[in-house]
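*Asks:* Here it is: the structure, laid out below.
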Amino acid sequence: MPRVLPLILVLVLAATLFAQNPPAASAGSAAAAPAVDESEKATAVAAPPPPIVFDRLTVTGGPDRVQKIPGSATYIGQAALDQQKYTDIHRILRQVPGVNIQEEDGYGLRPNIGMRGTGVERSGKITILEDGVLIAPAPYAAPAAYYFPTVGRMVGIEVRKGSTAVRQGPYTTGGALNLLSSSIPSDFGGRIDFAYGDNAMTRGRIVVGDTVGRLGWLFETFQQSTDGFKRLDGGGPTGFDLSDYLGKLRWNSAAGSRFSQALELKVGRTSQKGDETYLGLTESDFQTTPFRRYAASQMDVIDAEHEQIQLTHFFAPGAAWDVTTTVYRNDFFRNWHKLDSVAGVGIGAALESPGQHAGVMAIIRGEADDAGTLRVRNNRRDYYGQGVQSVFATRFSAASASHQLEVGVRYHQDGEDRFQEDERYGMNGGRMFLARTDVAGSNANRLTEAKAAAFFVQDEIRFGRWRVTPGLRFESIDFEVRNFGNADPDRNGAALRTTRNSVEALVPGVGVAYAVSPSLDVFAGVHRGFAPPGAGVNEDTAAEESINYEAGFRLNGGPVNAEVVGFFNDYRNLLGRDTLSTGGTGSGDLFNGGAVQVRGLELAMDREMRRGALSMPFRLAYTWTEAEFMSSFTTSFEDWAPEVHAGDEVPYIPGHQLTLTAGMSRGRWNGDAQFSWNGAMRTAPGRGAIPAGSGTDSYFTTDLTVGYGLLSGLELFVQGRNLTDERYIAARRPAGLRPGLPRTLLTGVTWKF
C-alpha cells in the first residue's frame, strides 16, 4: 500500500466528520467552480449543460444522474470550464480520478490519455466521443488520436469507467471520454472571448445563436495561436495555429404536437498547422537547456484538416419511450513532415546513445555539415469514419421494480490511407537544404479499412434500496488491408497484397448499488474488457481481453461529497502497437504482452465552505495505479524491448496522481487554483527504484486563474499556468526527452450576452 494512501484516507474521514457540523452557509452567496451544489452532488463538478443536449448522446446523463450510476463517473460542466479557462484536455482531466495522462507538446493538442492502466499512447485504448459520436480519426482501423476535438469550444466533459461503460464502445477496458459541444440557445445570446499571453499566445472565441419559433441556429469559432515555448537552434517557429468553426441548425415540433420531435444538423471544420517535432533532447542537453530544439528539426511541421457532419433526429411519442438516431461522417487529413533518421541512424537510437553516434549528433545539432543524409518523412495520411447509430429508450415498471431500458445499434465504417515518401536533406551552416525527394508512396502505400456492427442493451433496474444495471455489448468487426507496395504509386495492383481478419466479441457487464442511507451508496461491478485489435493482428497475435472488477462507495447530499473506488483489471493478453509516437517504425504491427494485472484506487472529494458572501469550494482527486506483467518474454516492441520479466511494471503508467482544485467567489471577484502532483513514470519495464535514464520526473505544478466582473456579463481575467516554473521530463518518447509547459501567463476578457 503506498505511503501517501493513509494520508488520503485520513483526509476523507476528517472531511466526513467535519461535515456533521458544517459552517453556516449564506443563502445569497454564489459558488465558484468547481463547487458541487445539492443539484449536482457526487462527482459532478459544475452546473448542467444547456438543455438541448440529447440525453442519449451523453455517457453520464448529466449532473443530475451521475451520482446514481453504480460505478465510477464524472461530469465537468460549463461553469467549471469557464472558471478554469483551460484549453488543454490534460489539465482538465487531472481533476478526474482514474485517468492517466502523458504530456507531449505542452498544449494538449495531441493527448495521451488512458484509464485505469490501459496505456496512454495517443489515447488509442479508450473510447473518445463528441456529442456521443466516435470522433477518433479511424477508431477501429487506426485509433491513434492525432486529431482531438478542440477543447476550447466545449461546454461539458464526461468520463465514465467500470461495468456500466459497456454501453459505450468499442473500447471497454478503461472507459469512455465524451466531449459536449455548445448547444443552440433558447433565446438570442452568445459570448466573445479574447486572451493574449506569453510567447505571443492569442486565443479567441465567438459564439452566437438564437431560437425563433421552431427553428434554432448557432455559429461558433475558436482560434488559437502561439510562437511556442521551445527555442529552435538558429531561430524559427515552434508553435501552432489552430482554427475551428462549428455551425448548428435545429427544427423542433410544435408545442402540444402528438409526437415530440427534433432534427439537428451539426457541421464543423478544424485546421491546424504546428511546427512540432518528434525530435527531443539528449539527457545532458535537457539538463542545461530543456526548451531547446535541435537544428535538424527545423523542417518539421504538421498540417491537419478535420471535417465533421452529424444529423441527429430525436423522436418521443410519449413520456414512456424515445428514439435518438444519428448519421455522421468525419474526415481527417494530416501530413506530419518530420525528421526520421540521419546517416541511416534513427533519431531515437541517436539520442538514446549520443556518445556512440557523435557524428550523427553533430549533424542533428547543426554543428557539422552534411551532403544529404537527413531523412525527413512525409507522413501523409487520410482518415475517414462514418456510420449510423440509434438508441431506443423506454421506462416502465414490473414486479415492484422500475426499469430504464436502453437498446442501441450502430453500423460504422472507417479507414486509413497511407501514402508516404521520404525527402533527403543536407545541412550547411546549421540550415537544412533539400537534396532530393523519393518517389511518391515509396515509404508506405496502403489502405486499411474496418467495418463494424455493434449492439448493446442496458437496463437500470430499481427496487427498494437496490439499483442493478446489467448490460451486454456485441461487436462484429471486419478488417482489410490492401498494401500496394512501395513501387506502385498509381495503385495499379501489380504487387497488391490483401490481408483480412474478423473479430467478434460479446462484452457483458453488471453494476450493483445499494443505498445504505439517503446520502451513502455502496456499489460494485464486473465486466469484460475489450479493445479491437485492428488490422495488424496475425496468427501470432491474440486479441486484447480482460476481466475488470470495481467496488466502492459514494457519499453525497451534504456539504461533503466523496467517492472511493477500488479497481482490478485482469488481462489475459495486453497488446502493444508499433507506432512512430512510441519510438517504433510506424508499421502498426501488434505485439503480445501476455497476462497483465492492473490494480488501483480512485478517490474524489468535494467540499464547499461559505462565510457570508465568501464561497470557497474544494475538490480533491487522487489515483493510485499499479500495473505489472505476469509473464516473461522477449519482444521487439519499442516500449517493452528487449525483454520483460514477470513482476515488471508496465511503462508510462504513473503510480500516484494527486490534484487539489480550490475555488473562490466573493462579490465581483472569483478565482480558481489547481495544485497538481504527478508521480514519476517508468519509460521501460522494470521493478523497484526507477533507474536513471529510464523514467520521467515527478512534478508539482500550480495554476491560478483570477477573474473580476466589470459589468453584467463582462469579466476580465488573468491566468498563470505552472506558476512555480517547474522544469520536468514529461516523456522520453518518441525520440529523446520532452519538457512540460513552463510558466505561462495569459490575460483576457469574456463578454456573455
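The values are calculated or read from the model by the stated rules, or taken from the named source; none is laboratory data. Because the structure is predicted, anything quoted here is derived from the model rather than measured. Because the Cβ atoms are built from the backbone with ideal geometry, glycine has one as well, and the counts that use them run over all protein chains shown. The protein model used for the area step is the full one, side chains on, heavy atoms only, and it has no ligands, DNA or RNA in it. Shrake-Rupley method; radii C 1.70, N 1.55, O 1.52, S 1.80 Å.
*Asks:* Scan region 119-133 residue by residue and report those that are under 25 Å from residue 628 (Cβ atoms), open to solvent by 10 Å² or more (accessible area, probe 1.4 Å) and not small (Gly, Ala, Ser).
*Replies:* 121, 125
Okay, residues lined up against (1) in contact with a strand residue (DSSP E or B) (Cβ under 9 Å, 6 or more places away or on another chain); (2) part of a loop (DSSP other than H, G, I, E, B); (3) open to solvent by less than 40 Å² (accessible area, probe 1.4 Å); (4) closer than 30 Å to residue 295 by Cα:
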| site | (1), (2), (3), (4) |
| --- | --- |
| 194 | yes, no, no, no |
| 203 | yes, no, yes, yes |
| 206 | yes, no, no, no |
| 210 | yes, no, yes, no |
| 217 | yes, no, no, no |
| 224 | yes, no, yes, yes |
| 228 | yes, yes, yes, yes |
| 234 | yes, yes, no, yes |
| 243 | yes, no, yes, yes |
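*Asks:* Can I ask one more? I'm trying to understand the selection: among the residues of region 367-423, which are in contact (Cβ under 8 Å) with a residue 12 or more places away in the chain and polar (S, T, N, Q)?
*Replies:* Passing the criteria: 373, 378, 379, 386, 389, 390, 394, 400, 402, 404, 413, 420.
*Asks:* Does any residue in region 313-339 that is farther than 18 Å from residue 142 by Cβ come within less than 7 Å, Cβ to Cβ, of a residue that is modelled with pLDDT under 90 and not in a strand (DSSP E or B) six or more places away or on a different chain, and which pairs are these?
*Replies:* 314/54; 315/259; 317/259; 324/54; 324/56; 324/57
*Asks:* With the requirement that a residue be in contact with a helix residue (DSSP H, G or I) (Cβ under 7 Å, 6 or more places away or on another chain) and of a type in the set (Val, Ile, Thr), what does region 277-311 give you?
*Replies:* 277, 282
Yes or no, residue by residue, for (1) among the aliphatic types (A, V, I, L, M); (2) out of contact with any Asp or Glu (no Cβ under 7 Å at 6 or more places or on another chain); (3) farther than 30 Å from residue 445 by Cβ:
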| position | (1), (2), (3) |
| --- | --- |
| 490 | no, yes, no |
| 501 | no, yes, no |
| 510 | yes, yes, yes |
| 522 | yes, yes, yes |
| 525 | no, no, yes |
| 534 | no, yes, no |
| 544 | no, yes, no |
| 552 | no, no, yes |
| 556 | no, yes, yes |
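*Asks:* Right, another one. Could you check region 606-715 for strands (runs of 3 or more DSSP E) lying wholly inside it with 2 or more residues that are among the β-branched types (Val, Ile, Thr), in contact (Cβ under 8 Å) with a residue 12 or more places away in the chain and within 30 Å of residue 558 (Cβ to Cβ)?
*Replies:* Qualifying strands (runs of 3 or more DSSP E): 614-629, 656-666, 699-711.
*Asks:* Can you name the residue in region 281-324 that is within 20 Å of residue 426 (Cα to Cα) and not β-branched (Val, Ile, Thr) and, of all such residues, is surrounded by the fewest Cβ atoms within 10 Å (Cβ to Cβ)?
*Replies:* The extreme case among them is 299.
*Asks:* Turning to a different aspect of this structure: In the set 565, 560, which member is farther than 26 Å from residue 167 by Cβ and crowded, with 23+ Cβ neighbours inside 10 Å?
*Replies:* Result of the check over 565, 560: 560.
*Asks:* Can you tell which of 470, 532, 518 is touching a Gly at 6+ places or on another chain (Cβ under 7 Å) and not acidic (Asp, Glu)?
*Replies:* 518
*Asks:* Scan region 204-228 for residues that are of a type in the set (A, V, I, L, M) and at positive phi and jot them down.
*Replies:* Selection gives nothing.
*Asks:* Please work out if residue 663 is surrounded by 16 or more Cβ atoms within 10 Å (Cβ to Cβ) and over 24 Å from residue 94 (Cβ atoms).
*Replies:* For residue 663, the condition - surrounded by 16 or more Cβ atoms within 10 Å (Cβ to Cβ) and over 24 Å from residue 94 (Cβ atoms) - is not met.
One line per residue, one yes/no per condition, for (1) surrounded by 23 or more Cβ atoms within 10 Å (Cβ to Cβ); (2) at pLDDT below 95; (3) out of contact with any Lys or Arg (no Cβ under 6 Å at 6 or more places or on another chain); (4) over 19 Å from residue 94 (Cβ atoms):
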residue	(1), (2), (3), (4)
153	no, no, yes, yes
158	yes, no, yes, no
166	yes, yes, no, yes
175	yes, yes, no, no
182	yes, no, yes, yes
186	no, yes, yes, yes
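*Asks:* Can you tell me which residue in region 697-721 is nearest to residue 287 (Cα to Cα), limited to those that are open to solvent by 10 Å² or more (accessible area, probe 1.4 Å) and polar (S, T, N, Q)?
*Replies:* 698
*Asks:* Could you check region 102-118 and list, in sequence order, the residues that are open to solvent by less than 10 Å² (accessible area, probe 1.4 Å) and among the aliphatic types (A, V, I, L, M)?
*Replies:* Of everything in region 102-118, those that are open to solvent by less than 10 Å² (accessible area, probe 1.4 Å) and among the aliphatic types (A, V, I, L, M) turn out to be 113, 115.
*Asks:* Can I ask one more? All but one of (1) over 13 Å from the mean Cα position of the chain (by Cα); (2) of a type outside the set (Asp, Glu); (3) under 25 Å from residue 218 (Cβ atoms); (4) surrounded by 24 or more Cβ atoms within 10 Å (Cβ to Cβ) hold for residue 136, so report the exception by its number.
*Replies:* All conditions pass for residue 136, except number (1).
*Asks:* Just checking, which of 362, 358 is of a type in the set (Gly, Ala, Ser), loosely packed, with under 15 Cβ neighbours inside 10 Å and out of contact with any Phe, Trp or Tyr (no Cβ under 7 Å at 6 or more places or on another chain)?
*Replies:* Of 362, 358, the one residue that is of a type in the set (Gly, Ala, Ser), loosely packed, with under 15 Cβ neighbours inside 10 Å and out of contact with any Phe, Trp or Tyr (no Cβ under 7 Å at 6 or more places or on another chain) is 358.
*Asks:* Another question, if that's okay. Any idea which of (1) within 24 Å of residue 394 (Cβ to Cβ); (2) free of Cβ contacts under 8 Å to residues at least 12 places away in the same chain is the one residue 494 doesn't satisfy?
*Replies:* Unmet for residue 494, out of (1) within 24 Å of residue 394 (Cβ to Cβ); (2) free of Cβ contacts under 8 Å to residues at least 12 places away in the same chain: (1).
*Asks:* Could you count how many residues in region 722-732 are on the phi < 0 side of the Ramachandran plot and open to solvent by 10 Å² or more (accessible area, probe 1.4 Å)?
*Replies:* Adding up the residues that qualify gives 5.
*Asks:* I've got another one for you. Is it the case that residue 242 is in contact with a Ser or Thr (Cβ under 8 Å, 6 or more places away or on another chain) and under 28 Å from residue 187 (Cβ atoms)?
*Replies:* no
*Asks:* Can you tell me which residue in region 246-270 is farthest from residue 362 (Cα to Cα), limited to those that are open to solvent by less than 30 Å² (accessible area, probe 1.4 Å), of a type outside the set (Lys, Arg) and at pLDDT 95 or above?
*Replies:* It comes out as 264.
*Asks:* Looking at (1) among the aromatic types (Phe, Trp, Tyr); (2) within 27 Å of residue 550 (Cα to Cα); (3) open to solvent by less than 50 Å² (accessible area, probe 1.4 Å), find the lone condition where residue 640 falls short.
*Replies:* Among (1) among the aromatic types (Phe, Trp, Tyr); (2) within 27 Å of residue 550 (Cα to Cα); (3) open to solvent by less than 50 Å² (accessible area, probe 1.4 Å), residue 640 violates only (2).
*Asks:* Six or more apart or on different chains, Cβ under 8 Å: which pairs go from a residue in region 424-452 that's more than 18 Å from residue 375 (Cβ to Cβ) to one that's in a loop (DSSP other than H, G, I, E, B) and open to solvent by 40 Å² or more (accessible area, probe 1.4 Å)? Could you list them?
*Replies:* Correct list of pairs: 429/369; 430/234; 430/367.
*Asks:* Among the listed residues 162, 190, 204, 213, identify the single one that is free of Cβ contacts under 8 Å to residues at least 12 places away in the same chain and not aliphatic (A, V, I, L, M).
*Replies:* Exactly one of 162, 190, 204, 213 is free of Cβ contacts under 8 Å to residues at least 12 places away in the same chain and not aliphatic (A, V, I, L, M), namely 213.
*Asks:* Ok, one more. Just one of the numbered conditions (1) under 29 Å from residue 131 (Cβ atoms); (2) part of a loop (DSSP other than H, G, I, E, B) is not true of residue 265; which one?
*Replies:* Every listed condition holds for residue 265 apart from (2).
*Asks:* Is it fair to say residue 487 is exposed (fewer than 13 other Cβ atoms within 10 Å of the Cβ), over 19 Å from residue 377 (Cα atoms), of a type in the set (Gly, Ala, Ser) and touching a strand residue (DSSP E or B) at 6+ places or on another chain (Cβ under 9 Å)?
*Replies:* no
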